[in-house]
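One structure is given below, encoded as structure tokens.
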Amino acid sequence: KWYVYPSVRLNQFDEHLLQKLKEAFRGKYGQMPLFFACAPGRVNLIGEHIDYCGYAVLPMAIEQNILAAVSVSDSKTIQLANTEPKYKDFTVSVDGIFIDRENPQWHYYFLCGVRGIQEHLSLSSLAGMCCMVDGTIPASSGLSSSSALVCCAGLVTMEANQKPLSKVTLAETCAKCERYIGTEGGGMDQSISFLAEEGTAKLIEFNPLRATDVRLPDGAVFVIANCCVEMNKAASSHFNMRVVECRIATKMLAKARGLDWSHLLKLGDLQKELQVSLEQMLELVEEVLHPEPYSRDEICKTLGISTEQLCEDILSANTQHATDFKLYQRARHVYGEAARVLQFKAVCDSSPANAVTQLGDLMNRSHASCRDLYECSCPELDQLVDTCLQAGAVGSRLTGAGWGGCTVSMVPGERLDSFLQTVREHYYVPDARRSALEKQSLFVTRPGGGAAIFIEE
């Protein structure tokens, strides 16, 4: 029998994985695990790259997850192992936790979660742990494998040290601590991993963090397809460059409206300060910002700051090299995408006869904005989106950070079989590498439950 906290459904698939992981743990450490922790990945249905701007997003948890088996000791060390041989073992003293943001290895993501919980609880020392990690989320696919690993580690650390925390606190803490690896995300991934509930997507809002059920329409299913291009957010500057461009756009728009721009960091905070609608923010972008890229000199001149101040106060560690900034395009995407999220939820709530068509159109417009304004797509993602639409999807878009990873498509139920067959034949089969990865790259998904602790009784 399994005791599960919080109470989530333990299906046969999960139970099989738990038993398999238990055997791997025993083989590695010569003992039985005390407990297991699991954190799901997620698919974002709409609302890309806007959580770190302060705007609501609309994800759902998926069945794929990160799972850890754990024993606790007074050894004063944390021993980490992975069922996947390419992820090497790692051991660290509980008093010597160090995260190398220049080298984003799997164990550093785990240690982000450990350190985050330690700092939140002000623990002078931590319990020693042996951990064996397994996972069914494809790495660097845009389905939040890295954040799920951070969340799983946070949950493990909480349980091992017997310090209960609420799901909201866990989500907020894990969102902050992933920044130790250098990624300046907004909190969507960690929030849905902890706050998800089976059978419903969630509107996730920030400051304060809250999650509202969003009932998806009957008659359509969501299909995830991996373009088979990997993208590690922490290993490149693409992601943080977008965060920085939004930060600068916020300050330039605030300056144009005569506000004290120095304390404003997010486009969402600027809208609150001005107390105007998203449509009015889009008008302000058109009025103030120009489509041509901004140089460092133009930004510094407009804000009245030195290059040194720009580098120290506004740019992130891995964007110090940047010389050109597309402020107009990034701000237009953020305000437009924020509006599409609210429209998506409104359609789900009112459930009109043509809900599936309306939602599909919003997803298509979201992808076009990600591709053309935010420039976070890639040729393979665009090809896959086109293939999915030609195969019968009413809406298809990149999901996650982009520059690789997955698409999510909304497909009428009666078209599902022909859709899957067409996407296989046109995207995966012609390419040997994609064909080899197809079984784990193309699948139907349904809203899954959130992170949990499992204890075998």
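The values are calculated or read from the model by the stated rules, or taken from the named source; none is laboratory data. Since we're looking at a predicted model, the values are computed, not measured. FYI the Cβ positions are ideal-geometry reconstructions off the backbone, even for glycines, and counts take in every protein chain you see. Quick note on the areas: whole protein, heavy atoms, side chains included, nothing else; ligands and nucleic acids left out. Shrake-Rupley method; radii C 1.70, N 1.55, O 1.52, S 1.80 Å.
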*asked:* If I take every Cα pair under 8 Å that is 6 or more residues apart in the chain, average their sequence separation and divide by the length, what percent do I get for the relative contact order?
replied: 24 percent
*Give the distance, in whole Å, between the Cα centre of region 256-331 and the Cα centre of region 56-115.*
36 Å
_So, taking all protein chains as they sit and a 1.4 Å probe, how much accessible area belongs to SER435, in Å² rounded to tens?_
50 Å²
*Compute the Rg/Rh shape ratio of region 23-72: radius of gyration over Kirkwood radius, all on alpha-carbon atoms.*
1.26
_Please enumerate, by chain and number, the lysines with C-alpha under 24 Å from the C-alpha of LYS20, excluding those fewer than 8 residues away in the same chain._
LYS1, LYS28, LYS86, LYS88, LYS439
*Sort THR157, THR357 by accessible area with a 1.4 Å probe, largest first.*
THR357, THR157
*Plugging the Kirkwood radius over Cα pairs into Stokes-Einstein for region 134-214, at a temperature of 25 °C and a viscosity of 0.890 mPa s, what D comes out in µm²/s?*
185 µm²/s
*Would you compute, from DSSP H runs of 4+ residues alone, the mean residue ellipticity of the chain at 222 nm, taking -39500 (n - 2.57) per run and dividing by the full residue count, rounded to the nearest 500?*
-13000 deg cm²/dmol
*Per residue accessible area of region 171-285, 1.4 Å probe, in Å²*: 38 Å²
*From the square roots a ≥ b ≥ c of the eigenvalues of the alpha-carbon gyration tensor of the chain, which class results: rounded (a/c under 1.5), prolate (a/b over b/c), or oblate?*
oblate
*Provide, as a two-decimal number, the C-alpha radius of gyration of region 55-125 over 2.2 N^0.38 Å, N being how many residues it has.*
1.32
*Quick one: order VAL168, VAL43 from most to least accessible surface, probe 1.4 Å.*
VAL168, VAL43
*In region 65-129, the chymotrypsin sites (Phe, Trp or Tyr not before Pro) that fall in loop regions by DSSP, at most 14 other Cβ within 10 Å*: PHE98
*Mind listing the phi-derived Karplus ³J(HN,Hα) values for region 86-98, rounded to whole Hz, using 6.51, -1.76 and 1.60 with θ = phi - 60°, and x for any glycine or proline?*
5, 9, 6, 4, 8, 10, 9, 6, 5, 9, x, 5, 9
_³J(HN,Hα) computed for each position of region 304-315 - Karplus, 6.51 cos²θ - 1.76 cosθ + 1.60, integer Hz, glycine/proline x_ = x, 10, 8, 4, 4, 5, 4, 5, 7, 9, 10, 6
*asked:* Probe radius 1.4 Å, ligands and nucleic acids ignored: give me the carbon and sulfur share of the accessible area of region 369-443 as a rounded percent.
replied: 47 percent
*On the full set of protein chains, 1.4 Å probe, figure out the accessible area of HIS367 and give it in Å² to the nearest 10.*
10 Å²
